[in-house]
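Taking it in order: structure first as structure tokens, then the write-up.
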Amino acid sequence: MTAPAPILITGAGQRLGLHCALRLLDEGQPVIFSYRSEREGVTLLRERGAIGLQADFSGEAGILDFIEQVKGHTERLRAIVHNASDWETETPGHEAEVFQRMVSVHMLAPYLINLHCEALLHHGGPADIVHLGDDVTAKGSAKRPAYCASKAGLDSLTLSFAARFAPAIKVNGIAPALIQFNEGDSAEYRTKRLAETPLGFEPGAEVVYQSLRYLLDNPYVTGTTVTVNGGRHLR
């Protein structure tokens, strides 16, 4: 029996990407993942049998190098999940640098990976691309306009690639809002953020995996972004 084609997840060394990668491995799904720096999650994924490839998505050269690494490990992909993300605030004198880095990580990397790995998804079976965006694009961000703009650009790439790659490859997005807090977040901050949504609780990373699973399993959904925001748009 032919082994299942692996799913490629970028930025899977921590948080949402790590959780999704582990859940896929639980189901017997082979995983290839990218990571920026060594951390506990990277070691855990390797111990579980996933293939980890260090990557720098801050510029074209690093992205193209990563693509060649992927092609060196597999001739087929079941799906590509673009989870790699950076989250920076513009500082005086460094605005252009931050903007270019946000665009590179959130737009150029998915753009080039989709184009150069398209052939790996053409194997006659189900094939998907999923972009992890951000619910913040619905309203914009005064504090992080570069981050928000680049994530909005990723939403646009979802539509464009869905049209370009149909019918063989489905392309969709997931737009999470608050999913899980960081360890150092204060009680005051947590209370404030939870009050922003009608559902009012911290859901954890499993809700993102459930959304990913839905997109992978449903054969008749493409060009769609699944919003996972606890009803935040209602407030």
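All of the numbers you see were taken from the coordinates with simple rules; none came from a lab. Because the structure is predicted, anything quoted here is derived from the model rather than measured. Every residue, glycine as well, gets a Cβ built from its backbone with ideal geometry; the counts of neighbours run over all protein chains shown.
Near residue 123, within a Cβ-to-Cβ distance under 9 Å, what is the net charge of the other residues, with Lys and Arg +1 and Asp and Glu -1?
In short, +1.
Under 29 Å Cα-Cα from residue 71, which lysines qualify once same-chain neighbours fewer than 8 residues away are excluded?
Qualifying lysines at Cα under 29 Å: 151, 170.
In nm, to one decimal, how far is the residue 139 label point from the residue 163 one, both placed 7 Å along Cα→Cβ?
About 3.0 nm, to one decimal.
Arrange the peptides 70-76, 91-97, 154-160 so that the one whose residues have, on average, the most other Cβ atoms within 10 Å appears first.
Those peptides, ordered most packed to least, come out 154-160, 70-76, 91-97.
How large is the helix-only mean residue ellipticity at 222 nm for the chain, computed as the sum of -39500 (n - 2.57) over DSSP H runs with n ≥ 4, divided by its residue count, in deg cm²/dmol to the nearest 500?
Details: 8 runs with 97 residues, N = 235.
Only helices count here, giving -13000 deg cm²/dmol.
Give me P(r) over region 168-235, computed from all C-alpha to C-alpha distances, binned every 5 Å, as integer percentages.
3, 16, 24, 19, 15, 11, 7, 4, 1, 0
Scan around residue 174 for amide H atoms under 5 Å from its own, H built in the peptide plane at 1.01 Å from N, and keep only partners 5 or more places away or cross-chain.
When sequence neighbours closer than 5 places are left aside, the close amide H contacts are 131, 132, 133, 226.
Dipole of the chain (Lys/Arg Cβ +1, Asp/Glu Cβ -1, origin at the Cα centre): which of 124, 109, 41 lies farthest to the positive side?
Result: 124.
Calculate how large, on average over all directions, the projected area of the Cα convex hull of region 57-112 is; give the answer in nm² to one decimal.
Projected over every direction and averaged, the Cα hull of region 57-112 covers 4.1 nm².
Could you tell me whether region 33-83 comes out rounded, prolate or oblate from its Cα gyration tensor? Rule is a ≥ b ≥ c as square roots of the eigenvalues, rounded for a/c under 1.5, then prolate if a/b exceeds b/c, otherwise oblate. Show your work: numbers first, answer last.
Working: a/c = 1.93, a/b = 1.18, b/c = 1.63.
Verdict is oblate for region 33-83.
Remind me, what semi-axes does region 81-183 give for its equivalent ellipsoid, largest first in whole Å, using sqrt of 5 times each Cα gyration tensor eigenvalue? List each step's numbers first, then the result.
Numbers: eigenvalues 151, 44, 26 Å².
Taking √(5λ) for each eigenvalue gives 27, 15, 11 Å, largest first.
Where in region 81-102 does the label zone of residue 180 land, with the point 7 angstrom along Cα→C-beta and an amide N cut-off under 16 Å?
Answer for this model: 83-85.
Viscosity 1.002 mPa s, temperature 20 °C: give me the Stokes-Einstein translational D for region 107-235 in µm²/s, with Rh taken as the Kirkwood radius over C-alpha pairs.
135 µm²/s
Please compute P(r) over all alpha-carbon pairs of the chain, binned at 5 Å starting from zero, and give each bin as a whole-number percent.
For the chain, the binned pair fractions read 1, 7, 14, 18, 21, 18, 12, 6, 3, 1, 0, 0 percent.
Can you compute 3J(HN,Hα) from phi for each residue in region 95-110, using the Karplus curve 6.51 cos²θ - 1.76 cosθ + 1.60 with θ = phi - 60°, rounded to whole Hz and x for Gly and Pro?
Values, residue by residue: 4, 5, 4, 5, 4, 5, 5, 4, 5, 5, 6, 8, 10, 5, 4, x Hz.
Counting C-alpha atoms alone, how compact is region 1-49: give Rg to one decimal and Dmax as a whole number, in angstrom.
10.4, 35
Evaluate the charge dipole of region 11-123 about its Cα centre and quote only its size in Debye, nearest 20, assuming +1 on the Cβ of each Lys and Arg and -1 on the Cβ of each Asp and Glu.
460 debye
Set Lys and Arg Cβ to +1 and Asp and Glu Cβ to -1, take the dipole of the chain about its Cα centre, and tell me which of 219, 186, 22 lies farthest positive.
The one lying farthest along the dipole's positive direction is 219.
Cα atoms only: what Rg and Dmax, in Å, come out for region 6-115?
Rg, Dmax (Cα atoms, Å): 14.2, 48.
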